[in-house]
Amino acid sequence: MNSKYLQKLFILSVVLSFMSCKVKQQEAPVAPPKIVEVTTSEINEENPYIEELKQPGYQTNFDAYFKSHTPSKVEIPYETEEEYQARMQWWKDAKYGMFIHWGLYSILGGEYNGEVTPKIAEWIQNTLKIPASEYKKLVDQFNPTEFDADEWVSVAKEAGMKYMVITSKHHDGFALFNSKVSEYDVMSTPFKRDIIKELKEACDKQGIKFGLYYSHAIDWDSPNAYIGEGQLQDRMNLVDFDPSTMDRATYLKEKSFPQLREILTNYGTIDIIWFDMGKGLDNEEIREFVKITRELQPNIIISSRIGDEVGPTSLNKDLYFDFFTPSDNYFTGDDLAIPFEMAGTTNGSWGYRKDDTEWRKPLFMLNALIASASRNGNYLLNIGPMANGLMPAEPVKNLKIAGAWLKENGASVYGTTPSPFPWNYDWGYVTEKPNKIFLNVFTWPKNNQIDLNGLLTKVDKIHLLGSTKQVKFKQEGRFLTIDLTGVERKEFATPLVVEYKDTKLKIDDGISQNAENNIRLDRITSTYLKDIAMSSWTFKVHTPGTFKINIVSNEKGNHHKPVWTGSEQKGSVQVAGKIIPAHLKRDTEMINPTLFFYKEIGSYVGEIEFLKAGTYTLQLKGFKVGADKWTEGLGLERIELIKE
Ligand code: FHN
């Protein structure tokens, strides 16, 4: 039984004992923050989530994802969990891939007839309502004479990326490959070269795995690519076509399915199929995509955006996808059992945009990559080449700088498994290999000390990756304190190797005070009861005293206009017999090192005194938590209890 499950069972027992006490109801007072006695419980006895908590293995339902058991007309292949794991191994080891968005929109670079699109560049046809007949004139201009597939692949290689995923067809409907199904393809342009074929050959030559993005549901060239009502209509071409006469079955039959067959038949092995924005498709249609894909490429890896975009649990529990794709440029990494891939941009767009020069720096690239790796994720970093076939110089330079770090220190990233610790650290990220864990230190601690709270295994030695010189450390109980005095600090991140001899790493995954006596309650270690909007943590205090309470949450929403939902919610922190009203304010703000576009907001809501050592439970009540950038609720990252 894993610790999160035990923790949730413990919470459940706390909850049930509260219920049996028949406590009196009382409203939590609002600002100004002050401490009052706890006399309230809002537990709903009918809460169905509590039933769910009682089910062993509820946390991931992992088995269910990989077994096809739903009765359906469309039979899709079955595989065991072992077969699934074997098929995924190269992808899990690879960690880092290059995403490429390239197409007719790259000619416009975000501007059409003097008008600059306010949104992402590859959506320009839709955003500026360009009629298809006008947009299609770009076919005659697509002539990227500077395109050199080997050169692109060597950029990916030098960047330390192990795979490449390119848009074989994006939402505009234009195919970068030789298609017999539609003339709206690269062979109709003056260029007349099959870009997908050339890139596949170059990837094979240079040992890079090759994946294809295919916009399977959205197609602005098809009069029948119907997706749905309401907001989903914004994704369709309503300039040229009338939704009431659209027939999706025809679109799928005449374009999407046959083109999928083409790309999965004509280029040898395709390692990844990156379906995108499949929301609106029904289960049978999704199954048909899976069936075609798995029959033609049995070992291919499928993205979760084949269907609904919200997350694994919202899809039917079937063999629909192999990894979860969180929202663009966002990071969840909450559930270690389901591999995820964070797809991100090097500026603010996927397709080339000439006015956007805010390029991600190597530090950010490495941070996002290693943060993902430490939580069972890959990073797919995009570049939008220009219409002439060249990649913009600045992101290429930055990718190569990050690549140089990876060349020297990649052993701490590639082929690793995620952090064995269920929480995060302030200084950087943990990854693991047999008999060692790697600590990539991004933020050098002010006191030159790294604290690895929770490690029970006896450490044999600690050294910098690539050096045999030992680093001093002290181990007492569950604390490993590493002394970084005199240790060479590397640019971007310093990778330390902690080696042990035991056959298995032992972790005490209960939360407790760290070496500085602070307590960090990460979202990922919490139990969240959505029906009563309560996040809860149980932790140990060994050095009592007074602690400031800082609630840290992320901005969310569209990356061009991030919003912070903290001030919209009122609730309370309940801990050590006190209720502390929590009306969040923007007390501090800083860039979230893995989310880039989104600030991390700190809100001090008061303080709490722990009078004696012991085990405590803290509840954040009244706050809906929505970790994803598009879901409702607070983008909670963690609560810090800072010792005064
Ligand atoms: O609409 C697309 C967008 O253009 C881009 O392709 C990204 C990449 O993840 N996916 C969709 C938005 O989520």
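The values are calculated or read from the model by the stated rules, or taken from the named source; none is laboratory data. Computed from a predicted model, the values in this text were never measured in an experiment. Reconstructed Cβ throughout: ideal geometry from the backbone, glycine too, with neighbour counts over all protein chains shown.
For the reader, a short list of remarks on this structure follows.
- Test: residue in the range 244-251 that is over 28 Å from the mean Cα position of the chain (by Cα) and in a loop (DSSP other than H, G, I, E, B): yes
- Index of the failed condition, Asp247 passing every other in (1) more than 16 Å from the ligand (Cβ to nearest atom); (2) under 22 Å from Val139 (Cβ atoms); (3) of a type in the set (Asp, Glu): (2)
- Criterion: modelled with pLDDT of 90 or more and within 23 Å of Gly344 (Cβ to Cβ) - qualifying residue of Phe275, Phe257: Phe275
- Strands (runs of 3 or more DSSP E) wholly inside the range 564-644 that include at least 2 residues being touching a residue at least 24 places away in the same chain (Cβ under 8 Å): 570-575, 578-583, 599-610, 614-621, 635-643
- Of everything in the range 341-367 that is touching a Phe, Trp or Tyr at 6+ places or on another chain (Cβ under 6 Å) and surrounded by fewer than 24 Cβ atoms within 10 Å (Cβ to Cβ), the residue that is farthest from His170 (Cα to Cα) is Leu363.
- Condition met for Asp234 (surrounded by fewer than 21 Cβ atoms within 10 Å (Cβ to Cβ), in the same structural domain as Met98 (by TED's automatic domain parsing) and within 16 Å of the ligand (Cβ to nearest atom)): yes
- Just so you know, in the range 361-380 the residues that are touching a Leu at 6+ places or on another chain (Cβ under 8 Å) and not in a helix (DSSP H, G or I) include one that is nearest to the ligand (Cβ to nearest atom), and it is Tyr379.
- From the list Val165, Val155, Val116, the one residue that fits, being away from the ligand (no atom under 16 Å from the Cβ), surrounded by 18 or more Cβ atoms within 10 Å (Cβ to Cβ) and under 32 Å from the mean Cα position of the chain (by Cα), is Val155.
- Failed condition for Trp423, given (1) closer than 18 Å to Asn367 by Cβ; (2) without any contact (Cβ under 8 Å) to a residue 60 or more places away in the chain: (2)
- Those residues of the range 220-231 which are over 16 Å from Leu128 (Cα atoms) and within 13 Å of the ligand (Cβ to nearest atom), in sequence order: Ile227
- Counting only helices (runs of 4 or more DSSP H) that sit wholly inside the range 129-242, those with at least 1 residues that are in contact with a strand residue (DSSP E or B) (Cβ under 7 Å, 6 or more places away or on another chain) are 149-158, 195-206.
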